[in-house]
Amino acid sequence: MSLNFLSVFFIALFFNHQAFALSLDWSGYFRADHNFVHNYQMDKSSPGYSNSGNTGEYIQGQGKKSTTFSSMFLKLNPKVLINDNVIVHSEWNVGDPIAGFFGRGIPREDRNNAFSTRKDSMELSVARLWLDVHTDFGTFQVGRAPFHWGLGVIFNSGDRPFDRFQSTSDTIRLVSKFGYLSLTPIYAKNSVGRNLAGARNPITDTILQGSDDVTDYGLALRYDNPEEDLDAGFLFYKRNASDAQNAYYYPNTATTYTGGANGMNLKLMNFFAKKSWKKFELGVEVPLFSGDIGDINQVGQRNEFKATAVAVESAVKFETWKHSLKFGTVPGQNAATTGSRGKSFGALQLHRAYKLGMILFNYNLGNFGPANPDTVPGNANALNTTVSPYDSAITNAKYLMFSSEKTWEQWGLHFGLVWAKANQTAETGKDMFNHRTRQWFTSVAKQDSNMGIEVDLGTRYNWDDNISFGADIGMLMPGNYFKYINSATSEGPANNVTAFSLSASTVF
């Protein structure tokens, strides 16, 4: 949706003689950050090490050992109050939610000027637009709307200033409340996208006929009692997609995207509960997946998908201190006999807005190299497709994070310690699924399960209730899991990764 269209739309709302009673409420945030990541390849001796295409844990392609990147981003949330019962919500993005707009844009003119300052206009896009209608039997929500459930492990609305990923669907749902109890039937369409049931080929940018038929059905039951500080619920969610999809999320190789048995009939049962006492709080979420998905195992038919994860959060709060503990387990795909992978697949990724620490489950260490975050005109190939430096999710891991936060009137100090261990590792002579590159390969060596330890330290200064500044530093001491390079005679050096970040945000 263009800015001109939006301007005409709202001007019409304000100047139409029947619309004088409308009021417009604005909110949103602006954020800026600068990141420096050193030794992200974990290899001081051989920058750009690619392991000869054997899909080990190191990054493919040539590149530096260190990188810096910055972003700025503005989110606007205008809300039109039509009357007491009807509200139009919207969410506008100025710049890309992930890459922002700082320094973005491929130059198309004035290319011979070494000091050219040519900038294309920044993109203003409408990320969400939905209608709330309050009735005697519940609230109807219609449109492109956010969805958040439980701790945000699977569905996360991503509404915090430094959240870069969101759960959003074109949906029709009814939220009916009966005291503390609410019942929500859900219908949603998610159409084309480069996901598990993705329909768009990222190389040719084509869409297969019928590939937008991705439909979600759901039913949520929730008990929310603020007087007792108790929130709990059960969600049943189902996604159907036809086989007219391109296998993008789990390609055969890094540059091959094929059609086939790539549809799904996937079911999710998700339980969560959160309880707070005076100084202690506890939350747990358990998603259980079952059904069938696309042919990840390359056996010529849909694969059976079964996966169960557990995420637990707890905290002890004092006047100026807060100590938190997060732990859980997320399944990975087990090794399989070469040529006999079978139809069973079980690797699960948590939502990318559900983060632990600064490096291990945040930065996409595999995509700091050749890929460009901007679209390159007339040259759409694998090295130029859009990637994200934050596209790293919690997967195939048992994890534990302890953190402490100390706050004063304007200053805050926080410390974090993250440990992780892989649930599934490569075995000699078997096929293994690389959970970072999302590819199958045959292993000639055994892989260790220790992912390592990460230590984070940061401070935050609150200028006032709306403006804050932060500085964070982290170090990942990788375990032997990252030394694996699919070699029977040697293993790669897994050196420490350090990161430093400066950030600022204002919420209005």
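Looking at segment 340-353 only, could you name the residues that are at pLDDT below 95 and in contact with a strand residue (DSSP E or B) (Cβ under 8 Å, 6 or more places away or on another chain)?
ARG341, GLY342, LYS343, SER344, PHE345, GLY346, ALA347, LEU348, GLN349
Which condition does ALA127 not pass, out of (1) within 30 Å of THR329 (Cα to Cα); (2) among the hydrophobic types (A, V, I, L, M, F, W, C); (3) in contact with an Asp or Glu (Cβ under 7 Å, 6 or more places away or on another chain), if it passes all the others?
(1)
Among the residues of segment 406-419, is any closer than 22 Å to PRO331 by Cβ and outside any loop (DSSP other than H, G, I, E, B)?
Yes, segment 406-419 contains a residue that is closer than 22 Å to PRO331 by Cβ and outside any loop (DSSP other than H, G, I, E, B).
Results for (1) modelled with pLDDT under 80; (2) surrounded by fewer than 15 Cβ atoms within 10 Å (Cβ to Cβ), shown as yes or no for each residue.
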position	(1), (2)
ALA197	yes, no
THR204	yes, yes
ILE207	yes, no
ASP213	yes, no
ALA232	no, no
PHE236	no, yes
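Among the numbered conditions (1) modelled with pLDDT of 80 or more; (2) part of a loop (DSSP other than H, G, I, E, B), tell me where LYS267 comes up short.
Evaluating LYS267 over (1) modelled with pLDDT of 80 or more; (2) part of a loop (DSSP other than H, G, I, E, B) leaves (2) as the failure.
Could you tell me whether any residue of segment 366-388 is under 21 Å from ASP472 (Cβ atoms), at pLDDT below 90, of a type in the set (Ser, Thr, Tyr) and out of contact with any His (no Cβ under 8 Å at 6 or more places or on another chain)?
yes
To keep it simple, each residue is scored yes or no on (1) touching a Ser or Thr at 6+ places or on another chain (Cβ under 8 Å); (2) at pLDDT below 90; (3) closer than 30 Å to ASP472 by Cβ; (4) part of a loop (DSSP other than H, G, I, E, B).
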residue: MET1; (1), (2), (3), (4): yes, yes, no, yes
residue: PHE5; (1), (2), (3), (4): no, yes, no, no
residue: PHE20; (1), (2), (3), (4): no, yes, no, yes
residue: GLU57; (1), (2), (3), (4): no, yes, yes, yes
residue: THR68; (1), (2), (3), (4): no, yes, yes, no
residue: SER71; (1), (2), (3), (4): no, no, yes, no
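Results for (1) touching a residue at least 60 places away in the same chain (Cβ under 8 Å); (2) closer than 25 Å to SER503 by Cα, shown as yes or no for each residue.
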| position | (1), (2) |
| --- | --- |
| ARG128 | no, no |
| ASP136 | no, no |
| PHE140 | no, no |
| GLY143 | no, no |
| PHE147 | no, no |
| GLY152 | yes, yes |
| PHE155 | yes, no |
| PHE162 | yes, yes |
| PHE165 | yes, yes |
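If GLY429 satisfies all but one of (1) surrounded by 15 or more Cβ atoms within 10 Å (Cβ to Cβ); (2) on the phi > 0 side of the Ramachandran plot; (3) modelled with pLDDT of 90 or more, what's the number of the condition it fails?
So GLY429 meets the others, but not (1).
Assuming GLU427 fulfils every condition listed in (1) part of a loop (DSSP other than H, G, I, E, B); (2) charged (D, E, K, R); (3) over 30 Å from ALA336 (Cα atoms) apart from one, which condition is it?
(3)
Across segment 456-474, what is the number of residues that are buried (at least 16 other Cβ atoms within 10 Å of the Cβ) and either touching a residue at least 40 places away in the same chain (Cβ under 8 Å) or in contact with a helix residue (DSSP H, G or I) (Cβ under 6 Å, 6 or more places away or on another chain) (or both)?
6
Among TYR40, TYR49, which is the only one that is surrounded by 12 or more Cβ atoms within 10 Å (Cβ to Cβ), aromatic (Phe, Trp, Tyr) and at pLDDT below 75?
On inspection, the qualifying residue turns out to be TYR49.
Here is a check on your reading of the model: is ASN190 under 30 Å from LYS274 (Cβ atoms), of a type in the set (S, T, N, Q) and either out of contact with any Lys or Arg (no Cβ under 7 Å at 6 or more places or on another chain) or modelled with pLDDT under 90 (or both)?
Answer is yes for this residue.
Kindly establish whether LYS64 is at pLDDT below 85, within 26 Å of the chain's Cα centre (by Cα), surrounded by fewer than 18 Cβ atoms within 10 Å (Cβ to Cβ) and not in a strand (DSSP E or B).
The answer is yes for LYS64.
Please go through segment 315-362 and give me each residue that is assigned to a loop (DSSP other than H, G, I, E, B) and β-branched (Val, Ile, Thr), ordered by number.
Residues satisfying the conditions are THR320, THR338, ILE359.
With respect to the numbered conditions (1) in contact (Cβ under 8 Å) with a residue 60 or more places away in the chain; (2) within 21 Å of the chain's Cα centre (by Cα); (3) over 28 Å from GLY357 (Cβ atoms), which one is the sole condition not fulfilled by ASN270?
Against the list (1) in contact (Cβ under 8 Å) with a residue 60 or more places away in the chain; (2) within 21 Å of the chain's Cα centre (by Cα); (3) over 28 Å from GLY357 (Cβ atoms), ASN270 comes up short only on (3).
Just one of the numbered conditions (1) assigned to a strand (DSSP E or B); (2) in contact (Cβ under 8 Å) with a residue 40 or more places away in the chain is not true of ILE296; which one?
So the condition that ILE296 fails would be (1).
Of everything in segment 305-314, what is in contact with a Phe, Trp or Tyr (Cβ under 8 Å, 6 or more places away or on another chain) and either hydrophobic (A, V, I, L, M, F, W, C) or in a strand (DSSP E or B) (or both)? Give them in sequence order.
Selection gives PHE305, ALA307, THR308, ALA311, VAL312, SER314.
Pairs, please: C-beta under 7 Å, at least 6 apart or cross-chain, first residue more than 15 Å from TYR217 (Cβ to Cβ) and in segment 169-194, second modelled with pLDDT under 95 and in a strand (DSSP E or B)?
These pairs meet every condition: VAL175/GLY138; SER176/GLY138; LYS177/GLY138; SER191/VAL214; VAL192/ARG200; VAL192/ILE207; GLY193/ARG200; ARG194/ARG200.
Could you list, in sequence order, the residues of segment 476-502 that are assigned to a strand (DSSP E or B), buried (at least 18 other Cβ atoms within 10 Å of the Cβ) and among the aliphatic types (A, V, I, L, M)?
LEU476, VAL497, ALA499
Since LYS75 meets every condition but one in (1) at pLDDT below 95; (2) crowded, with 18+ Cβ neighbours inside 10 Å; (3) not small (Gly, Ala, Ser), which condition does it not meet?
With respect to (1) at pLDDT below 95; (2) crowded, with 18+ Cβ neighbours inside 10 Å; (3) not small (Gly, Ala, Ser), LYS75 is out only on (1).
Kindly indicate whether GLY291 is at pLDDT 95 or above, at positive phi and either surrounded by 20 or more Cβ atoms within 10 Å (Cβ to Cβ) or in contact with a strand residue (DSSP E or B) (Cβ under 6 Å, 6 or more places away or on another chain) (or both).
yes
The values are calculated or read from the model by the stated rules, or taken from the named source; none is laboratory data. Computed from a predicted structure; not experimentally measured. Cβ sites come from the backbone with ideal geometry, for glycine too, and all protein chains shown count toward neighbours.
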